[in-house]
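Derivation of every value follows stated rules applied to the coordinates shown; laboratory data play no part. Note that the structure is a prediction, hence the values are computed from the model and not measured. Positions of Cβ are generated from backbone atoms using ideal geometry, with glycine treated the same way; all protein chains shown enter the neighbour counts.
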Amino acid sequence: MNKGRLLACVLGAVTLALIVVGTIWPAASAAAYGGASSMLRASSTPEAAVENLGDEIQGREWQKAYDSLANKAQFSESDFEHDLTGTYPSLLTYSSLGSFDVRPLRSSGTDADVQLKLRWATVVGPSASTRQLHVVKNGDRWQAEWPITKQPTVPPQVIPVNYLRWDVIYRGPGDDWGAQDVEAPHVRIVDMHPVERAEGVVVLGELLNEDVVPAYVSVSATLLSKDKTPIATEGSFDKISHLLLPKQVTPFFIKFPNTSLSDVGSIRMDPSSSLIAASADPVIEISDQQLHPAPDASLTGQLSNQSGQVVNVAHVIGTFYDKGGQVVWVADQYVDHALLPQTPVPFQIHIPEDLAKNISSQRTVIATYTAKGAQ
Amino acid sequence: MRASLPFLLALQVVAASSLALAQAPDVSVPKTVEAGAAFSIQCAGNGKATLFIVGPGQVLKQDVQLGESAAFPAGSLYNAGWYTAIVTSTSGTQSASFDVLPQSKPSDVSFLARPSRLPVGIHNAITGAVYVFDSYRNLISAPEEVQFDLSNPAGAVEKKSVTTHDGAAWTEMDSTAQQGSDKFAVHAGSVSSERIVAQVPGDPCGLKMSAKPDGQRIQLTTEPVRDCNGNAVPDGTIVTFTENFRGTQSTVDVPLKRGIAEVQMPAHPGATISVASGVVMGNQIGWQ
């Protein structure tokens, strides 16, 4: 009992001491995040200048970051901020810079090229972007030139759209108990294929809305052992386009970590659907889709919003097929910038190197999210 | 709790009746009583007694004069089932049983029709099940002739007559070849109930598009999209246009609007353009 009290007192005293030490002599990064002072170092090298810029972007100190640039006369502070966070609400608007890497590419006595890799923490996971910065020496310090990409804007205008919209009236309390509710949409799995990967088993496939109404869909799968006992149940989560308009097809991707296909006797698939109020708008064109072989195997293309509303978040899901037309992989990418009407935005979906050689065709679908009143 | 008191009391009386005295009064009950109908019970003997009638969900208590008949007006017993009449007096307890039967005339039906929406031209895809009740919601267990009617907006009616078994009847109907909101009705005597069954077009059939130049792009337009029965596929249905050109691909998912789908795509001489909807492929165009 006495030992316990002694231990509690010691722990309390140590905690108190650490709080005092941390308050009086805070770590540079903690002080910077707390806004007490900057953790910036002198820009005596090209790398230090870019690291300082990265710290300022991480702290969302747009004015300081802008002021530190060598080419700030070419654009405004607002342009700089919009280049990093988007003009219209998008994934980047609600993200923070989690970390960054600085890699020198070339250096001389008066200028240098430095690569800045930004890793953003977004609501749908990490998103990385890379900028090549030219750094110049001004007097005794180095200053980065920001490679500005001016964000497009849409001029004020009225764009008439008359796409179909579906609303749903469900069964009410006043209805007779025998009166049927509106029928759930009929969906069908048109393809399903398990794949063994190093990280576990992956179930891939495609789901078709064969009804004439929109459906909110999801797919779950249960792995059954050879004696029919369940091993694990997982859902497709966001590796699927949850909203399916009539006759639309979505791929799905269900991951079972730490399982082996040799243990699996069968798989029970459970597609589910429910009616949902939806609009046929927006229509997104996916152009210039191109499969790139290994190394750095990927599918690239451009998204073009053919409707009148701004799409705040676009989710690109690619289905990859072998020569026999069987699904061999499903991969996705969130586009971190908003899709403006008639303004192409590039995308790139990475494909596992070992699978790339088996892929002969692909099909891409887009799931979109539009914040109400965002425009 | 209050409702169960008379029932407990009646149970006590039933228990006591098993020890009925030899001189207990005779009880004469009708063999069957129609639910809600007036009836009477004859109690032989002299003096006063108390008559209990115990049945499913109902207990009646009435003071009676032995030797006279105890009359119960219409609506006294309305739940169909097996009832026990117990007469208890100072000279003993006697009981007799009788059945309360559902009324023979249907007064209400519960109609279950599935599904509420289905594609046209499917054999035995629509099911209807009906339960027939009297005016007191007793299931009419006696065989009853019911008729199912499925009528489409054009006026064509598919009829089926079925006899109920233990109060229920069911049938299967084909969905018609024509889209629209069909009325699925059941008739039992003078009572009927109706459900709406939406018959919707099936998969597109003979999907065909045409292309014409429009500046630097191609204007692609489908012919009016119909299913194999000639029904117009509803607006909002997705049609996918795919253009393949020198290893690159462009796709657009376009919803049908006023029966057709149209889109503009890049004009690449030598490109191959195809159209599809769901798992149905349409024609292919080579653009020169």
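Cross-link partners for A:Lys64 among the aspartates and glutamates, with Cα-Cα distance under 17 Å and sequence neighbours closer than 8 places in the same chain left out: A:Glu51, A:Asp55, A:Glu56, A:Glu77, A:Asp79, A:Glu81, A:Asp83, A:Glu145.
Cα centroid separation, segment A:282-310 to segment B:30-70: 85 Å. Modelled this way, with points 7 Å down the Cα-to-C-beta line, the labels at A:Ser78 and B:Arg137 are 6.8 nm from one another. Contact order for segment B:238-288, expressed relative to its length and based on alpha carbon pairs under 8 Å spaced 6+ residues apart, stands at 37 percent.
Once the C-beta distance of A:Ala371 and A:Trp166 is scaled by a Förster radius of 22 Å, the resulting FRET efficiency is 0.60 to the nearest 0.05. Length gained on full extension, A:Asp238 to A:Ala198, computed as 0.36 nm times the residue gap minus the Cα-Cα distance: 12.3 nm.
Annotation: extensible slack from B:Ala232 through B:Asn283 equals 16.5 nm (criterion: 0.36 nm per residue apart, minus Cα-Cα distance). Cα centroids of segment B:111-173 and segment A:144-220: 35 Å apart. Per-residue mean of foreign Cβ neighbours for A:157-163 is 1 (Cβ atoms of other chains, 10 Å radius).
So for segment A:253-342, averaging the separation of alpha carbon pairs under 8 Å that are six or more residues apart and normalising by length, what relative contact order in percent results?
22
Taken residue by residue and averaged, Cβ atoms of other chains lying within 10 Å of the Cβ of B:245-251 number 6. Each of B:Asp174 and A:Lys150 was given a label point 7 Å from its Cα along the Cα-to-Cβ line. The distance between the two points is 6.8 nm. In chain A, helices alone account for a calculated mean residue ellipticity at 222 nm of -5000 deg cm²/dmol, with every DSSP H run of four or more residues adding -39,500 (n - 2.57). State the number of lysine pairs found in chain B whose Cα atoms come within less than 28 Å, restricting to pairs 8 or more positions apart or on distinct chains. Total qualifying Lys-Lys pairs in chain B comes to 12. Summary value for chain B: 12 percent relative contact order, contacts being C-alpha pairs under 8 angstrom separated by 6+ residues.
Under 17 Å of direct C-alpha separation, and excluding same-chain neighbours fewer than eight residues apart, A:Lys357 reaches these lysines: A:Lys323. Protection proxy ranking for B:85-93, A:195-203, B:158-166, using the average of other Cβ atoms within 10 Å per residue and placing the highest first: B:85-93, A:195-203, B:158-166. Restricting the chymotrypsin sites (Phe, Trp or Tyr not before Pro) of segment A:155-259 to loop positions (DSSP other than H, G, I, E, B) with no more than 16 neighbouring Cβ atoms within 10 Å leaves A:Tyr163, A:Tyr170, A:Trp177, A:Phe237. What the pair-distance distribution of segment B:116-260 shows, using all Cα-Cα distances binned every 5 Å from zero, is 2, 9, 14, 15, 11, 10, 8, 7, 6, 6, 4, 3, 2, 2, 1, 0 percent. For the protein assembly as shown, taking a cut-off of 4.7 Å between Cβ atoms, the unpaired cysteines are A:Cys9, B:Cys43. Per-residue mean of foreign Cβ neighbours for A:250-257 is 0 (Cβ atoms of other chains, 10 Å radius).
Rounded to 0.05, the FRET efficiency of the B:Glu194 and A:Ala277 pair, given R0 = 30 Å and the Cβ-Cβ distance, is 0.65.
Show me the ranking of peptides A:309-322, B:202-215 by mean Cβ neighbours inside 10 Å, starting with the highest.
The densest-packed peptide leads the list: A:309-322, B:202-215.
Among beta bridges identified by DSSP and lying wholly in the protein assembly as shown, the antiparallel ones come to about 95 percent.
Loop-located chymotrypsin sites (Phe, Trp or Tyr not before Pro) across segment B:184-288 with a Cβ neighbour count of 14 or fewer within 10 Å are lacking, with loop assigned by DSSP.
When each of the peptides B:58-71, A:58-71 is scored by how many other beta carbons lie within 10 Å of its residues on average, the order from highest to lowest is A:58-71, B:58-71.
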